[in-house]
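Visitor: What follows is a structure written as structure tokens; I'll ask about it next.
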């Protein structure tokens, strides 16, 4: 017998994004705007891909992190593109990429944790920080490849046909990840010191 699933806020938020994508696609189809008709379909594919990836790989994802990812999709793919948020909020694009660096850093740390889940020797904090940092930087580049591909295939203007815009986005994502790595490392050292005093753990970083 199947156990009844308890839906939380993130589940309803995700369903809202799916519904909003369908509504936007239908509305802009009626209005004759093909670019903004196709974009919600891409959003549905991205949402579905993330959901399948998490379910198949069984990557543990914190409630706050999942909300951050869904909120990021809403701001970047709905508010910025479908509702033309870029036109009235200065530097919205750069703010998005700064925040993406933070999210991708933590996703990288979760992936590394999953990879080493059954290993006896766990990676030290420096390995975790460096892997997460480089993962986030690499994903900033992958995102630009995605934008370049969709721009060419569907006639979008995510990159504004500008190398400066593309590199600025990658740099912002990298800066967000870099500051997160510094914060995470300092935070780990503080927690480690407290744990060492309480438990008597004397392992070196």
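The values are calculated or read from the model by the stated rules, or taken from the named source; none is laboratory data. Since the structure is predicted, the reported quantities are computational estimates derived from the model, not experimental observations. For neighbour counting, all protein chains shown are included, and Cβ atoms are generated from backbone atoms with ideal geometry for every residue, glycine included.
Visitor: Go through the range 131-161 and give me each residue that's closer than 18 Å to residue 49 by Cα and free of Cβ contacts under 8 Å to residues at least 40 places away in the same chain.
Guide: 139, 142, 144, 145, 146, 147, 149 - these are the residues of the range 131-161 that are closer than 18 Å to residue 49 by Cα and free of Cβ contacts under 8 Å to residues at least 40 places away in the same chain.
Visitor: Still on this model: Within the range 115-130, how many residues turn out to be within 30 Å of residue 166 (Cα to Cα) and free of Cβ contacts under 8 Å to residues at least 60 places away in the same chain?
Guide: Within the range 115-130, residues that are within 30 Å of residue 166 (Cα to Cα) and free of Cβ contacts under 8 Å to residues at least 60 places away in the same chain number 4.
Visitor: Taking the stated definitions as given, is residue 55 outside any helix (DSSP H, G or I) and at pLDDT below 85?
Guide: Against the criterion (outside any helix (DSSP H, G or I) and at pLDDT below 85), residue 55 does not qualify.
Visitor: Going by what's in this entry, would residue 67 be described as closer than 23 Å to residue 12 by Cα and in contact (Cβ under 8 Å) with a residue 24 or more places away in the chain? Please lay out each step first, then the result.
Guide: Details: closer than 23 Å to residue 12 by Cα: yes; in contact (Cβ under 8 Å) with a residue 24 or more places away in the chain: yes.
The answer is yes for residue 67.
Visitor: Taking the residues in the range 77-94 that are free of Cβ contacts under 8 Å to residues at least 24 places away in the same chain and in a helix (DSSP H, G or I) as candidates, determine which candidate is farthest from residue 142 (Cα to Cα).
Guide: So the first thing to find is which residues in the range 77-94 are free of Cβ contacts under 8 Å to residues at least 24 places away in the same chain, and the list is 79-80, 83-92.
Applying the additional criterion that residues be in a helix (DSSP H, G or I) yields 79-80, 85-87, 92.
On the way: 79: 22, 80: 19, 85: 23, 86: 22, 87: 25, 92: 20 Å.
Among those residues, the one meeting the criterion is 87.
Visitor: Ok, one more. Spot the failing condition for residue 141; the list is (1) at negative phi; (2) assigned to a loop (DSSP other than H, G, I, E, B); (3) surrounded by fewer than 18 Cβ atoms within 10 Å (Cβ to Cβ), and only one is missed.
Guide: (2)
Visitor: Related question: Anything in the range 113-130 that is closer than 25 Å to residue 55 by Cβ and buried (at least 17 other Cβ atoms within 10 Å of the Cβ)? List them, or say none.
Guide: Result: 128, single match.
Condition check ((1) at pLDDT 85 or above; (2) assigned by TED's automatic domain parsing to the domain that holds residue 22) across all residues:
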site	(1), (2)
74	yes, yes
79	yes, yes
99	yes, no
108	yes, no
128	yes, no
135	yes, no
156	no, no
160	no, no
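Every residue, every condition in (1) modelled with pLDDT under 90; (2) surrounded by 17 or more Cβ atoms within 10 Å (Cβ to Cβ); (3) out of contact with any strand residue (DSSP E or B) (no Cβ under 7 Å at 6 or more places or on another chain), yes or no:
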| position | (1), (2), (3) |
| --- | --- |
| 171 | no, no, yes |
| 175 | no, no, yes |
| 181 | no, yes, yes |
| 190 | yes, no, yes |
| 194 | yes, no, yes |
| 197 | yes, no, yes |
